[in-house]
Every structure is written in C-alpha cells, then in structure tokens.
Amino acid sequence: MDSNQFNNLVIPLSDKLFRLAKSILCNGELAQDAVQDLIVKLWEKRDNLDEVENLNGFTMRAMRNLCLDKIRQNKDISELQTDIEYSELNPYQQTEQKDLVFRIKQMINNLPELQRTIIRMRDVEGLELSEIAFITSLTENAVSVNLSRARLKIRERILNENRKVEEMQWK
Amino acid sequence: MEIMNELLEKYFKGETSVCEENELKQYFKAGNVSSELKIYSTLFDTFDSEALEKAVNPLKKLTQRQRKPIRIWIRSFAYTGIAASLMLFLFIKYPFQVDNYAVVSGNKIEDTEFAEKYVEKKLNHVNDMLNKSMRPLNNSFENVRNDLQPMNKLINVKEKMEKIQNTIQIK
C-alpha cells in the first residue's frame with residue numbers, strides 16, 4: 001500500500017478509531033494519543049495492509065487491542081477513570097443539571113468496557129453484529145447478549161433518575 | 001405510537017436490526033415524541049452528538065518520526081561543516097612550518113646566510129683541488145698530442161703517394 005492509498009483508505013478511519021478509543025479509555029487525550037500510535041503502527045505495516053479484506057474491521061480491532069494493552073500496562077488508566085465521573089446525583093443536583101446528554105454519557109461510561117464498547121459500536125457507528133463480533137473477537141450471540149445488557153442497564157438508570165425527579169417534584 | 005413502543009422494547013432487548021434502529025432514531029429526531037417515550041429522547045441525542053466527535057491530528061506522531069531522520073542528517077552535515085571550517089581556519093592561521101637548518105661539525109646552524117657562505121667556500125675549495133689534480137693529466141694529453149704530430153706528416157705523404165699511383169694507372 002503506497003502513501004496515497006494509505007491517505008485515502010486508512011486516515012479517513014481516524015474519527016471512528018478515536019471514538020472507539022475514547023469509549024474504551026474514557027479519556028479524550030489518551031484516545032487521541034492512542035490513535036496517533038495506531039496510525040504509526042499501521043504505516044509501518046502498510047505493505048501488509050493490501051492483504052486485509054476488511055480494513056475497517058481490522059483497524060477497529062487493532063485499536064481496541066491497543067487500548068486494552070494501554071489499560072493493562074498503565075494501572076493509572078483504570079476502566080473507571082473518566083473525563084466525566086458518574087455519580088448518583090440527588091434530585092436537586094439533577095434539576096440543576098441542564099445537560100442531560102452529559103448525564104447519559106456518564107451512564108454509558110459507567111458500564112463495563114465490553115458493554116459500553118459494543119453499545120457505541122452499534123448505536124453510534126451503526127455497525128452490524130457480525131462486524132462487532134469480528135472487532136471484539138466474540139460470537140454474534142455474545143455480542144447480542146452484551147448489547148442487550150448494556151441497553152437494559154441504561155434504561156434502568158434513565159427510569160431511576162426520572163422517578164427520583166418526579167418524586168421530588170411531587171414533594 | 002404502539003408500533004414505536006414495541007420497537008423500543010425490541011431495541012432494549014437487542015433484537016432490532018440496524019434499519020429498525022434508524023427508524024427509531026428518526027422518530028426521536030423528528031421531535032413529535034409521546035410523553036411516555038420522551039425520557040428516551042436524550043439517549044438518542046447522545047448517540048448523535050458522539051457521532052460528531054473527531055480525531056485531532058492523527059498524523060502527528062507519524063510526521064514527527066519521519067522528520068527525525070532528516071533532522072539527524074542535517075545535524076550531521078552541519079557538524080561536519082563546522083568541524084571542516086574550523087580546521088581550515090586553523091590551517092590558514094597556523095600553517096605547517098618545516099624547520100630548516102644545517103649541521104656543521106655537530107653544531108646546528110639555522111642562519112641561512114652563514115650556511116650559504118660556508119657552502120660556497122667549501123665548494124670553491126673542492127673546485128681548486130679538482131683543478132690541481134687534473135693538471136698533470138692535461139699535461140700528459142698535451143705531450144701525447146705533440147708526439148703524434150709526425151704521424152700527421154706521414155699521413156700527408158701517404159695521400160700524395162696514392163695520388164701519384166692513380167695518375168700512373170690512368171696512363
């Protein structure tokens with residue numbers, strides 16, 4: 001793969017790779033760093049990239065593995081270290097919290113790594129179960145199960161918070 | 001409304017297709033959402049906002065790595081050039097000097113004028129000695145030449161005799 005092909009085929013995947021990295025690492029700066037590291041590695045192996053059938057899936061898988069390695073190597077990057085920390089806000093704080101999107105992001109970031117990665121790959125990137133299975137090295141059934149668990153957990157939290165807000169309003 | 005409820009239920013169980021999920025997204029984006037389902041609007045808004053996140057300068061580390069070898073080359077040339085200039089400067093400023101001196105009777109003579117006169121004197125002495133030794137030899141050559149003069153007379157007689165003989169033969 002020459003530099004032109006690399007620019008046209010690999011570099012456009014950077015945004016997707018960044019979002020995946022951010023989902024895993026829960027940190028924007030670390031995610032940017034991880035993407036840059038991956039681009040270097042892919043460049044070094046560009047001669048072999050012609051043989052890759054599914055470049056999208058291949059690079060996403062590589063991104064995920066790289067991020068998981070970073071988590072393993074650096075104990076400071078725990079799964080729970082996030083840009084925005086999730087905490088159970090009391091209803092008064094909730095009413096003051098105008099950015100509900102911010103709250104939902106917190107809820108998703110608080111899921112286990114596999115669940116939050118899968119839910120984002122599906123709901124943000126729109127990937128098929130088969131593609132997610134390839135990236136995560138799971139079966140389609142396992143992906144489906146994890147996706148369901150993630151969505152149900154999010155729904156539970158949304159309903160929970162909504163209930164608390166309503167209770168406070170009634171009081 | 002009923003259809004959306006069912007679709008949403010299917011969604012949280014992880015049983016919807018990508019197509020059906022797009023339908024749900026369109027429904028919540030449209031804004032005309034039932035009060036019962038309004039609490040889920042933010043969830044789909046969150047996914048939409050996350051889809052807009054982008055990688056920043058993914059080529060940063062790659063270009064840094066590619067610049068390093070060039071910088072090393074430039075630095076090497078620069079250092080070599082500086083060293084060569086310095087050496088040239090020193091050579092011009094302090095050229096190599098060869099010591100010129102003569103040794104006379106074990107003494108080192110560096111005065112060129114004295115050395116030249118000494119050499120001239122010695123050469124004249126050698127010349128005189130040569131002339132003196134050559135004088136007897138010159139005398140001998142002179143004597144031999146004188147002794148050989150009668151022989152020259154003989155050669156003249158011989159030539160005359162031959163002439164006469166030739167004259168007689170013709171007749």
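Quick notes on this one:
- Its relative contact order, with pairs defined as Cα atoms under 8 Å and 6+ residues apart, puts chain A at 23 percent.
- Here the simple spin-label model places points 7 Å from the Cα toward Cβ, and for residue B:121 and residue B:107 these points are separated by 1.0 nm.
- Inter-label distance for residue A:5 and residue B:45, nm, one decimal - labels placed 7 Å from Cα along Cα-to-Cβ: 4.5
- Restriction of the GluC sites (Glu not before Pro) in region B:10-62 to DSSP coil positions whose beta-carbon has at most 16 other beta-carbons within 10 angstrom yields B:15, B:36, B:53.
- In terms of surrounding Cβ atoms within a 10 Å radius of their Cβ, B:112, A:117, B:16 rank from fewest to most as B:112, B:16, A:117.
- Taken residue by residue and averaged, Cβ atoms of other chains lying within 10 Å of the Cβ of B:36-47 number 5.
- Note on residue A:169 and residue A:130: with the Förster distance fixed at 41 Å, the Cβ-Cβ geometry gives a FRET efficiency of about 0.35.
- Remark: the residue A:156-residue A:72 segment gains 27.2 nm on full extension, using 0.36 nm per residue and subtracting the alpha carbon distance.
- Going from the residue with the fewest nearby Cβ atoms within 10 Å to the one with the most, A:108, B:109, B:92 rank B:92, B:109, A:108.
- When B:40, B:118, B:27, B:101 are arranged by Cβ crowding within 10 Å, least crowded first, meaning fewest neighbours, the order is B:101, B:118, B:27, B:40.
Read the figures in this text as sums done on the coordinates, not as results from a lab. Worth saying up front: this structure is predicted, and the values here are computed from it rather than measured. Glycine gets a Cβ as well: all are built from the backbone with ideal geometry, and neighbour counts include every protein chain shown.
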